[in-house]
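Have a look at the structure below before the remarks.
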Amino acid sequence: MVQKRTLGVDSPCRREGRTIQPNLRGFSSQGANKPFKKVIDVSSDDPHRTGMAPISFVRQVLAVCLYPELLEENTLPLDVRQRAKRLLGVCSGGSVGSYSTATSGLPLVKKSIADFIMKRDNGVSSHPENIIISDGSQKTLSLVLHLMASGTGVTQTGVLTPVPCPHTLPMLTDMSGVKLVPYQLKEEAGWTVELEELQQALATARGDCEPRAIYISNPGNPTGHVQDRKTMERVIRFAAAEGLVLLAEEVNQDSVYGQGKYFISYKKVLFEMGKKYAEKVELISLHSISSGPMGECGLRGGYMEVLNIDPAVCKYLRNIQLTSSPAVISQLALEVMVNPPTPGDLSYKTYARVTFIAERNCCSPHEFQMLGLQADVFYCQKLLEEEGVCLGAGCENGQDDQNHHIR
C-alpha cells in the first residue's frame, strides 16, 4: 500500500519554500545569504506559480466579461470582444454575476466541449448531454468517487490506482470512503502500464475489498508517460473483462512534447475497437483548465465526459451540484480552452508555448543517510536551499523502491 505519511499536498520542501520566500523579501536578515532572489515552485502543478505568464487572449476575454464596458475598447483585438460578447449572451442577465441556471454547465460551453472532443478524436461522436462541468478535475473526480463509494471491509469499493500517482489522489480516495488498490508502473519500460501488474493488483485486492474501477492518468501524472494504442487496448479489454469503470484523467493531453509521442484519448481507442467495447465499457474521462498551456489552476474549471454509464447515475451526477453549480467564470475559461483562436485570428499568436529544462548534479548518498532523510527529499531540500527551486520528491507520489525521483 502507498505510504501515506509521505503523501499530500504540503510537502516538507514546500513548507521550507514558504519560510524562505518572506526572508528574501526583507522580512528578516536570514535571506541575505541566499544566492537567489526568489523561490521558484515547480512542485505544485501550478504553472503560473513557477512564473509562466497567463495567455493574453484568455485573460482579455475574461476581463471583458467581467467589465462589459470594455466591449467598446478598440485597443482590444476584435476577436476578443466578439468572443466576450458571445459568452455574455449565454449568461443570465448578460452578467457573470448571475447564477448558472444549468447545474451541469452552460449549454454553449458544453456544446463547445463536445465539438472540441469530436475534432480531437477525428470525428468520433460526442454529445453535450454527456458532458458534466465541475470546479476542476479534482472536484470532478471527487464527485465520481463519492458516488461509487459503498460497503465496508471486503465489500468496500476499491479503485485500482497507479504507483507513482498524483499526490492528492490517496487523500481523495480516503475522503470518499474508497479503498486505494495500488498497481506498480513499469519504470524500466518508461513507466508503462503492464497487464500483469493490473491482474496481480486485482487478485490481491479481492478478499480485501471490492474493486469497481481503474484509474488511469494519460499522459501520466507525475511520470509524464504517454500511453500507446496497444497499451490502451489492453487496459480497455481488462476493464471490460473485469467489469471495471475506466476513470481516465487526461488533463495533460496538450502537454506532449516527446519526439514520436502523441496523445490519443481513451474514448477514441474505445470506439475504434468496435461495438463489443464501445457500447460496453463504462468510461469517465476528465479534463481541466489547470494543466497544459492554460495553467489556470486558480480558476478551478474542469469537465468529465461520461460514456455507457447508467442513465440514473448520470442524472445523479448532474443533479449533485444543485446547491453549488460550477462557477460562471471558470466555465467561460473552459470555453476558451476548447475553442481557442485559430490561424488567421488576430489573437492566434498569443497561444505560443514556452518550455524550459533545468539540470543539476546529484548529491552524495552519504549526506542524506547521515541526516536520516530519503534521498529524493534531501535532493529537493538542497536544491531549494542552494538554488531557490522547489521540486517534489518522488516518495510523495508513492514511489518506494531502490530508485529515487523528482518531479
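Does Glu250 meet the test of being under 30 Å from Pro340 (Cβ atoms), in contact (Cβ under 8 Å) with a residue 60 or more places away in the chain, out of contact with any Gly (no Cβ under 9 Å at 6 or more places or on another chain) and acidic (Asp, Glu)? Spelling it out, it is not the case that Glu250 is under 30 Å from Pro340 (Cβ atoms), in contact (Cβ under 8 Å) with a residue 60 or more places away in the chain, out of contact with any Gly (no Cβ under 9 Å at 6 or more places or on another chain) and acidic (Asp, Glu).
For Gln138, indicate whether it is touching a Cys at 6+ places or on another chain (Cβ under 6 Å) and either within 30 Å of Pro182 (Cβ to Cβ) or surrounded by fewer than 18 Cβ atoms within 10 Å (Cβ to Cβ) (or both). When the stated conditions are applied, Gln138 does not pass them. Cβ-Cβ contacts under 9 Å between residues 6 or more apart (or on different chains), taken from a first residue in the range 300-320 that is more than 17 Å from Ser265 (Cβ to Cβ) to a second residue that is assigned to a loop (DSSP other than H, G, I, E, B) and among the hydroxyl-bearing types (Ser, Thr, Tyr), are listed as Arg300/Ser290; Gly301/Ser290; Leu317/Ser104; Arg318/Thr103; Arg318/Ser104; Asn319/Thr103; Asn319/Ser104; Ile320/Thr103.
Considering Ala84, Ala114, Ala149, the condition of being buried (at least 17 other Cβ atoms within 10 Å of the Cβ), of a type in the set (A, V, I, L, M, F, W, C) and within 18 Å of Ile320 (Cα to Cα) is satisfied by Ala149 alone. For the range 203-218, the set of residues classified as among the hydrophobic types (A, V, I, L, M, F, W, C) and buried (at least 19 other Cβ atoms within 10 Å of the Cβ) consists of Ala205, Cys209, Ala213, Ile214, Ile216, listed by residue number.
Yes or no: Glu233 within 30 Å of Val338 (Cα to Cα) and either assigned by TED's automatic domain parsing to the domain that holds Gly302 or at pLDDT 95 or above (or both)? For Glu233, the condition - within 30 Å of Val338 (Cα to Cα) and either assigned by TED's automatic domain parsing to the domain that holds Gly302 or at pLDDT 95 or above (or both) - is met.
Residue-by-condition table, conditions (1) β-branched (Val, Ile, Thr); (2) under 25 Å from Ser134 (Cα atoms); (3) surrounded by 19 or more Cβ atoms within 10 Å (Cβ to Cβ):
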residue	(1), (2), (3)
Val256	yes, yes, no
Gly260	no, no, no
Phe263	no, yes, no
Glu272	no, no, no
Lys280	no, no, no
Ile284	yes, yes, yes
Ser288	no, yes, yes
Gly298	no, yes, no
Gly302	no, yes, yes
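Counting just the residues of the range 103-145 that are among the aliphatic types (A, V, I, L, M) and touching a Ser or Thr at 6+ places or on another chain (Cβ under 7 Å), which one comes out nearest to Met171 (Cα to Cα)? Ranking the candidates gives Leu145 first. When restricted to residues that are among the small types (Gly, Ala, Ser) and under 18 Å from Tyr303 (Cα atoms), the range 141-171 contains 1.
Of all residues in the range 186-211, those that are within 25 Å of Met148 (Cα to Cα) have Cβ atoms under 8 Å from Cβ atoms of residues that are among the acidic types (Asp, Glu), 6 or more apart or on another chain, in Leu202/Glu242; Pro211/Glu242. Restricted to the range 66-185, the set of helices (runs of 4 or more DSSP H) holding at least 3 residues that are over 24 Å from Met304 (Cα atoms) comprises 78-88.
Among the residues of the range 213-224, none is identified as closer than 11 Å to Lys261 by Cα and either touching a helix residue (DSSP H, G or I) at 6+ places or on another chain (Cβ under 9 Å) or in a strand (DSSP E or B) (or both). Note on the range 232-265: residues that are closer than 27 Å to Ala203 by Cα and in contact with a Ser or Thr (Cβ under 6 Å, 6 or more places away or on another chain) total 3. Selection within the range 172-192: residues that are under 16 Å from Cys209 (Cβ atoms) and not aliphatic (A, V, I, L, M). The member of this set that is surrounded by the most Cβ atoms within 10 Å (Cβ to Cβ) is Thr173.
The values are calculated or read from the model by the stated rules, or taken from the named source; none is laboratory data. On a predicted model such as this, the values are computed, not experimentally measured, just so you know. In this analysis, Cβ positions are derived from the backbone assuming ideal geometry, glycine residues included, and neighbour counts consider all displayed protein chains.
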